[in-house]
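Below you'll find the structure, written out as structure tokens, and then a few comments.
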Amino acid sequence: MHLASNTPMKTTVKLFACVLLLIAAAAAQESDPNLKNNPALKPPKGAQVAIVVFEDLECPDCSRAAPLLEEAAKTYKIPVVRHDYPLAKHPWAMPAAVLARYFDTHSKKLGNDFRDSVFQHQLEITPENLRAFAQKFGAEHKVEVPLVVDPQGKLTALIEADRNLGNSIHLEHTPTIYVVSAKNVGKPFIEVVDRSQLFALIDSMKQGE
């Protein structure tokens, strides 16, 4: 009886927390109306709702968040838009992002599989063995990693473009996660500050489709 009586209370608390987060999102959008039309906070073409994440491949919290984002994407059948935001304090984050972009050129799925593999083996990776790790991953997927991965700097430019997108929304940490909607009225995006609320926030956003 005690557990049963607490269940409605827990549900109410969770819903109240979601309402507070939505109010905070609305306030952020009103204080900076340019965010509402920012391309970083829009779902990909054809999607009504999506998850957007700015991540650093050397960031421990990013590696913890990745499985939850994948679970949410599968549960709700919505895309996850991943942006590279390597932090200067992480010595192998940028070269890892370049390698991920290289695998993207073969297929976006392969690039994301590499990112997930990096997260899974993050504690084992060092600046010295990163290339060997990428070569092993490439061999397992029948993709050769060239001696010079980004000779013209095109992949680095893509990462810098992602970094600029992050800066345009005043990004302060990784991972920074948003639930975004294609709608143009109301609250088209909300930052996921408390990841335990991710599913509830997606529910709220989908109800407003």
- Which members of the range 70-89 meet the condition of being surrounded by fewer than 18 Cβ atoms within 10 Å (Cβ to Cβ), more than 18 Å from LEU201 (Cβ to Cβ) and in contact (Cβ under 8 Å) with a residue 12 or more places away in the chain? LEU87
- Message: Which of the helices (runs of 4 or more DSSP H) found entirely inside the range 77-163 contain at least 1 residues meeting this: over 22 Å from PRO175 (Cα atoms)?
- Response: 130-140
- Run VAL53 past the list (1) touching a residue at least 60 places away in the same chain (Cβ under 8 Å); (2) in contact with a strand residue (DSSP E or B) (Cβ under 8 Å, 6 or more places away or on another chain); (3) more than 15 Å from ASP162 (Cα to Cα); (4) not in a loop (DSSP other than H, G, I, E, B) and report the number of the one that doesn't hold. (3)
- Message: Yes or no: the range 124-139 includes at least one residue that is on the phi < 0 side of the Ramachandran plot and touching a Gly at 6+ places or on another chain (Cβ under 9 Å).
- Response: no
- Message: What's the total number of residues in the range 170-188 that are modelled with pLDDT of 90 or more and closer than 20 Å to ALA66 by Cβ?
- Response: 9
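Quick check: is even one residue across the range 120-136 at pLDDT 95 or above and touching a strand residue (DSSP E or B) at 6+ places or on another chain (Cβ under 9 Å)?
At the first step, the residues of the range 120-136 found to be at pLDDT 95 or above are 120-136.
From the residues that got through so far, the ones that are touching a strand residue (DSSP E or B) at 6+ places or on another chain (Cβ under 9 Å) too are none.
No, the range 120-136 contains no residue that is at pLDDT 95 or above and touching a strand residue (DSSP E or B) at 6+ places or on another chain (Cβ under 9 Å).
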- Query: Which pairs do you get when a residue that is within 17 Å of ILE190 (Cβ to Cβ) and crowded, with 16+ Cβ neighbours inside 10 Å, found in the range 156-174, comes within reach of a residue that is modelled with pLDDT under 95 and of a type in the set (A, V, I, L, M), reach meaning Cβ atoms under 7 angstrom, with the pair 6+ apart or on two chains?
  - Reply: ILE169/LEU35; ILE169/ALA40; ILE169/LEU41
- Regarding SER204, is this residue modelled with pLDDT under 95, assigned to a helix (DSSP H, G or I) and within 21 Å of ALA73 (Cβ to Cβ)? yes
- Note on the structure: Given the conditions (1) out of contact with any His (no Cβ under 8 Å at 6 or more places or on another chain); (2) not in a helix (DSSP H, G or I), every one holds for GLU71 apart from (2)
- Query: On the given criteria, is LYS142 surrounded by fewer than 20 Cβ atoms within 10 Å (Cβ to Cβ), of a type in the set (D, E, K, R), out of contact with any strand residue (DSSP E or B) (no Cβ under 7 Å at 6 or more places or on another chain) and at positive phi?
  - Reply: yes
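The values are calculated or read from the model by the stated rules, or taken from the named source; none is laboratory data. None of the values given here were measured: they were computed from a predicted structure. Ideal geometry is used to build each Cβ from the backbone, glycine not excepted, and the neighbour counts take in all protein chains shown.
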